[in-house]
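Here is the structure we will look at.
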Amino acid sequence: MENPFKFGTIVEEEYFTDRVNEVAYIKEFVRSANHLVLISPRRFGKSSVVAKAVKQSGRKHITVNLQQATSVSDLSAKLLREFFKVHPLERVRHLITHFRVIPTLSTNPVTGAIEVSFQPSANEVILIEDVLTLIEQSHTGNDRMIVVLDEFQEIKDLAPKLDKQLRSIMQNHKNINYILLGSQESMMTDIFENKKSPFYHFGQLMRLGKLPREDFHQYLSARLSSIFPDRSDELADRILDYTSCHPYYSQQLAANVWQMGVLQPGLEKPFEAAISQIVTAHGLDYERLWMNFNRTNRWILKTLAANKPLQSGGHSTSTIYSALKRMQKDGYVIYSDRYELEDPFFREWIAVNNE
Ligand SMILES: Nc1ncnc2c1ncn2[C@@H]1O[C@H](COP(=O)(O)OP(=O)(O)OP(=O)(O)O)[C@@H](O)[C@H]1O
Ligand SMILES: [Mg+2]
């Protein structure tokens, strides 16, 4: 029997639950001539929800993940390659003749997809400008293309001043809806909410929260019931308590609980066994992480892991606050209704190793 839970990659079809309002909102939003900026902590389901919404919108769309681009020319090539999946080369060939740097195209004999590369260019920005202009010119105001740029915060690392240059290119586009997604909350917020940033108020800001408990519970319980018919409800509850409904960690834990039930059918405590298995598997990484934290950070992490208030401990409020902000930026701590450790299994590891 195949494990009915999936974690780590974009989820669709039967692995995707809820987000009904968010999908409806995004679909409706791209009917306007505006751009959307979607922010959440890591692995909350941004890529999945956008993939679903743009697919359902029935519009032409392309998605590129900036984390996978090694340079601006590589990003331009990836955008163009995605574009060719939507628009046959024959129909846009005349537009490519206007490119200032002509790309090299070849057909992948296995997939039939068109591969694209650019010769190194002194001014890489003209490459991406030409590609985005091509997309703009191939569409109209009544038939806008949706361009999804995932992990958009990476523009800060791809090239100096790229944000400024991209903004000045993108702001002229009327036939494209940009959807920009990113994690690392503070950096994304810095890009879109800082008055000095070129992308200040570029689009509508949307924040994605965790999955609603009731729906997620139903989703987990229904799948666990094939292995644990008598206690799937209880297990689903315990999983969601443990992960505070975090989409990724809930699916990860559920997958491991399910696996325990399959491999050791008589096991009395599959929930505890699954947690222990995950924590052990990541033990070395956690140890390495821990060694790199300073004393203040360790104290904060220990206090959060033990669910204790952060007011005591001999640290000033401002020291605690700035350390929290830094750890939030680095993704170890998240804030939804309170500060908490992002990874519940790291929380477990800290609690166990600091008893
Ligand atoms: N709607 C959903 N239903 C069920 N599980 C989900 C849903 N959304 C996300 N998940 C879980 O979270 C995982 C991460 O989803 P996704 O990659 O879409 O998130 P993300 O916010 O784009 O992550 P990243 O920060 O790594 O880019 C999925 O593999 C899945 O386990
Ligand atoms: Mg993603």
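The values are calculated or read from the model by the stated rules, or taken from the named source; none is laboratory data. None of these values were measured; they are calculated from a predicted model. Reconstructed Cβ throughout: ideal geometry from the backbone, glycine too, with neighbour counts over all protein chains shown. Surface accessibility is based on the protein's heavy atoms, side chains included, excluding ligands, DNA and RNA. Shrake-Rupley method; radii C 1.70, N 1.55, O 1.52, S 1.80 Å.
In this structure, the amide hydrogen of Met206, modeled 1.01 Å from its nitrogen in the peptide plane, lies closer than 5 angstrom to those of Val37, Leu38, Ile39, counting only residues at least 5 positions away or on a different chain. Amide H to amide H, with H built 1.01 Å from N, Ile146 comes under 5 Å of Lys60, His61, Ile62, Asn177, counting only residues 5 or more places away or on other chains. Specify the angular offset, from 0 to 90 degrees and rounded to the nearest 10, of the alpha carbon long axis of helix 125-137 from the longest principal axis of the alpha carbons in the chain. Tilt of helix 125-137: around 80 degrees. Applying D = kT/(6 pi eta Rh) to the chain, where Rh is the Kirkwood radius over alpha-carbon pairs, T corresponds to 25 °C and eta to 0.890 mPa s, the Stokes-Einstein value obtained is 108 µm²/s. Taking Cα atoms only, the orientation of helix 46-57 departs from the longest principal axis of the chain by about 50 degrees.
The calculated FRET efficiency for Glu355 paired with Lys55, based on their beta-carbon distance and R0 = 51 Å, is about 0.60.
Classify the stretch 24-177 as rounded, prolate or oblate, taking a ≥ b ≥ c as the square roots of the eigenvalues of its Cα gyration tensor: rounded when a/c is under 1.5, otherwise prolate if a/b is larger than b/c and oblate if not. Verdict is rounded for the stretch 24-177.
Restriction of the GluC sites (Glu not before Pro) in the stretch 1-93 to DSSP coil positions whose beta-carbon has at most 16 other beta-carbons within 10 angstrom yields Glu2, Glu12. The share of accessible area on the stretch 19-207 that comes from carbon and sulfur is 48 percent, using a 1.4 angstrom probe. Applying both filters, DSSP loop and at most 15 other Cβ atoms within 10 Å, to the trypsin sites (Lys or Arg not before Pro) of the stretch 110-215 gives Lys161, Lys174, Lys195, Lys196. The DSSP beta bridges internal to the chain are antiparallel in roughly 30% of cases.
Evaluate the relative contact order of the stretch 207-355 (contact order divided by residue number), counting alpha-carbon pairs under 8 angstrom at least 6 apart; express in whole percent.
RCO, the stretch 207-355: 19 percent.
When Rg and the Kirkwood radius Rh are both evaluated on Cα atoms of the stretch 116-268, their ratio Rg/Rh stands at 1.18. Counting heavy atoms of the protein chains alone, Tyr321 has an accessible area of about 120 Å² for a 1.4 Å probe.
Could you let me know the centre-to-centre spacing of the stretch 12-88 and the stretch 336-355, using Cα atoms, in angstrom? First find each Cα centre; the distance between them is then 31 Å. Note on the chain: with a GNM built from Cα contacts shorter than 10 Å, the maximum mean-square fluctuation among Pro270, Pro344, Pro120 falls on Pro120. Here the stretch 198-355 is treated as a Stokes sphere of Kirkwood radius computed over C-alpha pairs; at 37 °C and 0.692 mPa s its diffusion coefficient rounds to 188 µm²/s.
Taking label points 7 Å from Cα along the Cα-to-Cβ direction, Thr317 and Ser186 give a separation of 1.9 nm. Calculated accessible area for the chain comes out at 51 Å² per residue, all protein chains present (probe 1.4 Å; ligands, DNA, RNA ignored). Element breakdown for the stretch 213-353 at a 1.4 angstrom probe: carbon and sulfur atoms account for 48% of the accessible area. Taking the longest Cα principal axis of the chain as reference, the axis of helix 270-292 is set at about 70 degrees.
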